[in-house]
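The values are calculated or read from the model by the stated rules, or taken from the named source; none is laboratory data. This one's a predicted model, so the numbers in the text were calculated from it and none came from an experiment. For neighbour counting, all protein chains shown are included, and Cβ atoms are generated from backbone atoms with ideal geometry for every residue, glycine included.
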Amino acid sequence: MRFAKVLFLEIILLLFAGSNCLAEDPTQDIKLNVKEFTLKNGMLFLIVERQTTPQVACRVAIRAGSALEQTGKSGIAHLLEHMMFKGTKNFGTLDVKKDRELQEEIEAAYQVILAEESKREPDRALMKNKHAEMGNLRREVQNIYVPQAFSSQLGKNGAVGVNAFTSKDQTQYMASVPSDMLEQWFSIVSEQLFEPSWREFYVEKEVVQREWAFRY
C-alpha cells in the first residue's frame with residue numbers, strides 16, 4: 001500500500017539532553033529552536049537539536065486516525081498500526097518465499113469465504129472447510145514467523161522505547177535510537193510503511209475488532 005499517495009507523513013526528530021535537561025529550572029522559558037523543512041514528496045520534518053547526547057528520539061506522525069476513516073472502514077488505522085510490527089516482505093520470517101506463498105493461499109481461501117457470504121444461500125460446508133484451511137495455513141506461517149520483527153530489528157541495534165499508538169487524528173511510531181543508527185531507522189521504517197508483508201493480517205483484524213467492541 002502506497003501510504004505516500006493517501007497519507008501525509010510528518011517526521012519529528014528530537015535530540016534530548018538527558019538528565020541535564022531535567023535539571024534545568026522549569027520556570028525558565030523553553031526555547032526549542034525548532035528547525036522545519038519539507039521535502040518535495042510532502043514529508044514535513046521538525047528537528048530540535050541537543051548536542052549533549054548521541055541519542056535521537058524519533059517519531060513518525062501520520063495523519064490517519066479514527067476520525068478520518070470512512071464509514072464502513074472503522075479501525076483500519078489501528079489495524080495498520082498493528083501490521084507495522086509484523087515485519088516486511090524481507091524480514092520477519094525465516095523463509096521469505098514460503099511465507100509469501102502461504103500469505104497468498106490464506107488470501108485466496110478468505111476470498112472464497114467472502115464470495116460465499118455474499119450469496120443468498122452460501123455453501124456452509126465450503127466456508128467451514130476454508131476457515132479450517134486458513135487455520136492450518138496460519139500455523140504453517142507461525143513455524144517460520146519471527147515475532148516482533150520490527151521492534152527486535154531496532155532493539156538489537158540499540159533502539160529503546162519502540163512503540164506506537166493510534167488516536168482520532170493521527171498514528172505515531174516512535175523509538176529512541178543511537179545517532180549513528182538514524183539512517184538504518186529511516187530505512188527500516190520506510191520498508192515497513194511501503195513494503196509490509198500483511199503477515200497475520202486476519203489474526204490482527206480479529207484482535208482490533210475485539211478492541212473496538214470493548215471500547216465502543
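Remarks
- Every residue from region 50-92 that is among the charged types (D, E, K, R) and either assigned to a helix (DSSP H, G or I) or in contact with a helix residue (DSSP H, G or I) (Cβ under 9 Å, 6 or more places away or on another chain) (or both): 50, 69, 81, 86, 89
- Residue satisfying all of: in region 171-200; acidic (Asp, Glu) and in contact with a strand residue (DSSP E or B) (Cβ under 9 Å, 6 or more places away or on another chain); surrounded by the fewest Cβ atoms within 10 Å (Cβ to Cβ) among these: 195
- Matching option when the condition is over 18 Å from residue 192 (Cβ atoms) and buried (at least 18 other Cβ atoms within 10 Å of the Cβ), among 80, 137: 137
- Of the criteria (1) part of a strand (DSSP E or B); (2) not assigned by TED's automatic domain parsing to the domain that holds residue 64, which one residue 141 fails: (1)
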